[in-house]
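Report on the structure given below.
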Amino acid sequence: MLKAGRVLLAAGIASLFVVLQVGAQETAPDVLVKGVTLEVLDLIGKDKDIQSGDQRKLIEVVEAKVLPHFNFTAMTRLAVATNWEKSTADQKKQLTDEFRTLLVRTYSSALSVYRDQKFDFRPLRAKPTDTDVTVHVRISQGGREPVTLEYDMEKTAAGWKVYDVRVVGVSLVANYRTEFANEIRSSGIDGLIKGLAAKNRPAQRAERK
Amino acid sequence: MTQTPTHSFKRLTGSALVAVILIVTSGCATTSGDSRDPFEGFNRSMYGFNQAVDEAVVRPVAQAYKSAVPDIVQTGVRNFFSNLGDIFISVNNLLQGKVIEAANDGLRFAINTTIGGFGVLDWASEMGLEKHNEDFGQTFGRWGVGDGPYFVWPILGSSTARDSVGTVVNIYVDPVSNHRPIAARQVMVLTRAVSRRADLLDASRILEEAALDKYVFERDAYLQRRRNLIYDGSPPKDSRFGPPGDPVASASVRSDGEKLNAEGR
């Protein structure tokens, strides 16, 4: 009885997942970026702990709301560039996990800077058949020149996924590419994994304080 | 302590110069052979020097300014210098043939200098006249001058051969640097520097968290940023990944869909 119940439950969850996936597929990329951004800003704005600097809680919000829309495997592969094909499956997984942790943390701290600014979501200039688009967001900040955010997104079976973010024209993926190449040249792919892990760990300790 | 301010300033710059020479001559070893950065050994030393100065003096002063000075005063100071900057932003837009943008900047200056009380209030932005970012380095870039080698200057930081020439022209025409008497000019130059550094405190904290090698991260970000500015936000596609002319990475974007589906993320 118990076993059958579990199977049923699993099937229920699986079908729900399929429904959600189909739903995600139909959301246009610019609508998706706007929805997620506004939702996250709203959550941050309402949360007293995050307002007073709880970095761990902020990261939880980013992981729950933002992370599902990023393709970290693609981002890691683009940043590791030619060395990706030389990596084993295990190394690829470790690289992706460590890079994801680093990006989520960086993204979270960048988010915590923006609070009262006005977000301007630009209409998407793309054909409905396009599968690779850039979504533009501008953050106005008084008399200073606006900060631009550009999300490079690709259409996949699981909906639109971000594979690069450009902040004031600086691509995160491109910026990490030279760093990764240097690290791999001097200490190999495992050296890069170790370097990323070392970068991630002290920060995690600091967050728990 | 009995010295005149000018005298102690000279002494300070003198010892700073000695420190720079010592650091630079001691560390010309590290280089990873990046063609954009032939002076990497020198640049890294200079970067280290700048970081030390920043940590010891500039950042603490900027932090104190940010926490002690009321926000409204900080905004006023930022706007005041930003307004003076609009003059040559307008000139540079004109030199690049962007007449409408140049008129926008000229109008910004006219409005903010008059009803904005010498630029302290930025009414022009409220009216929808957007602030631009232009300088002589960008103008030269627009005219077709390439980056040239990356170069790190003492105190001023990241630059390229082209942008260094641009910076010399920027300083030469800068209304603040040309302000007299000298004492008033020093106060203005320092205030502007502190105000600018204070605006970058968040960014430098994020850089600290994000970078494995801060020197490389900052250099690449600078080069990407300048390219983006020269093309006013829409550079040709090949620059989107890595150093210009890196075909491997841009070509590999396409095959991505399969990987994603297979791993179900």
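The values are calculated or read from the model by the stated rules, or taken from the named source; none is laboratory data. Small disclaimer: the values here were computed from a predicted structure and weren't measured. Don't worry about glycine lacking a Cβ; one is built from the backbone with ideal geometry, like all the others, and counts go over all protein chains shown.
So the values come out like this:
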{"read-out": "Options B:206, B:182; residue that is β-branched (Val, Ile, Thr), more than 21 Å from residue B:75 (Cα to Cα) and surrounded by fewer than 15 Cβ atoms within 10 Å (Cβ to Cβ)", "value": "B:182"}
{"read-out": "Selection from the stretch A:159-183 of residues that are more than 7 Å from chain B (Cβ to nearest Cβ), within 15 Å of the chain's Cα centre (by Cα) and farther than 15 Å from residue A:106 by Cβ", "value": "A:159, A:160"}
{"read-out": "Flag if residue A:80 is hydrophobic (A, V, I, L, M, F, W, C) and within 11 Å of another protein chain (Cβ to nearest Cβ)", "value": "yes"}
{"read-out": "Among residues of the stretch A:83-119, those that are in a helix (DSSP H, G or I) and either small (Gly, Ala, Ser) or more than 18 Å from residue A:56 (Cα to Cα) (or both), counted", "value": "14"}
{"read-out": "Inter-residue pairs, beta-carbon under 7 Å, first in a helix (DSSP H, G or I) and in the stretch B:38-58, second among the small types (Gly, Ala, Ser), 6+ apart", "value": "B:40/B:32; B:41/B:27; B:41/B:29; B:44/B:27; B:45/B:27; B:49/B:19; B:50/B:157"}
{"read-out": "Qualifying residue in the stretch A:84-98 (condition: closer than 24 Å to residue A:38 by Cβ, facing another protein chain (nearest Cβ under 9 Å) and not aliphatic (A, V, I, L, M))", "value": "no"}
{"read-out": "Residue B:102, sole failed condition from (1) in contact with a Phe, Trp or Tyr (Cβ under 9 Å, 6 or more places away or on another chain); (2) surrounded by fewer than 21 Cβ atoms within 10 Å (Cβ to Cβ); (3) part of a helix (DSSP H, G or I)", "value": "(1)"}
{"read-out": "Scan of the stretch A:107-158 for residues that are more than 10 Å from chain B (Cβ to nearest Cβ) and among the small types (Gly, Ala, Ser), ordered by number", "value": "A:126"}
{"read-out": "Within the stretch A:129-178, tally of residues that are assigned to a loop (DSSP other than H, G, I, E, B), without any contact (Cβ under 8 Å) to a residue 40 or more places away in the chain and surrounded by fewer than 20 Cβ atoms within 10 Å (Cβ to Cβ)", "value": "5"}
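Here is a yes/no grid of residues against (1) small (Gly, Ala, Ser); (2) surrounded by fewer than 15 Cβ atoms within 10 Å (Cβ to Cβ); (3) at pLDDT below 90; (4) under 22 Å from residue A:201 (Cα atoms):
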{"residue": "A:24", "(1), (2), (3), (4)": "yes, no, yes, no"}
{"residue": "A:74", "(1), (2), (3), (4)": "yes, no, no, no"}
{"residue": "A:90", "(1), (2), (3), (4)": "no, yes, no, yes"}
{"residue": "A:95", "(1), (2), (3), (4)": "no, no, no, yes"}
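To keep it simple, each residue is scored yes or no on (1) modelled with pLDDT of 90 or more; (2) farther than 22 Å from residue B:40 by Cα; (3) at the interface with chain A (Cβ under 8 Å from one of its Cβ atoms).
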site	(1), (2), (3)
B:184	yes, yes, no
B:198	yes, yes, no
B:207	no, no, no
B:226	yes, no, no
B:238	no, yes, no
B:250	no, yes, no
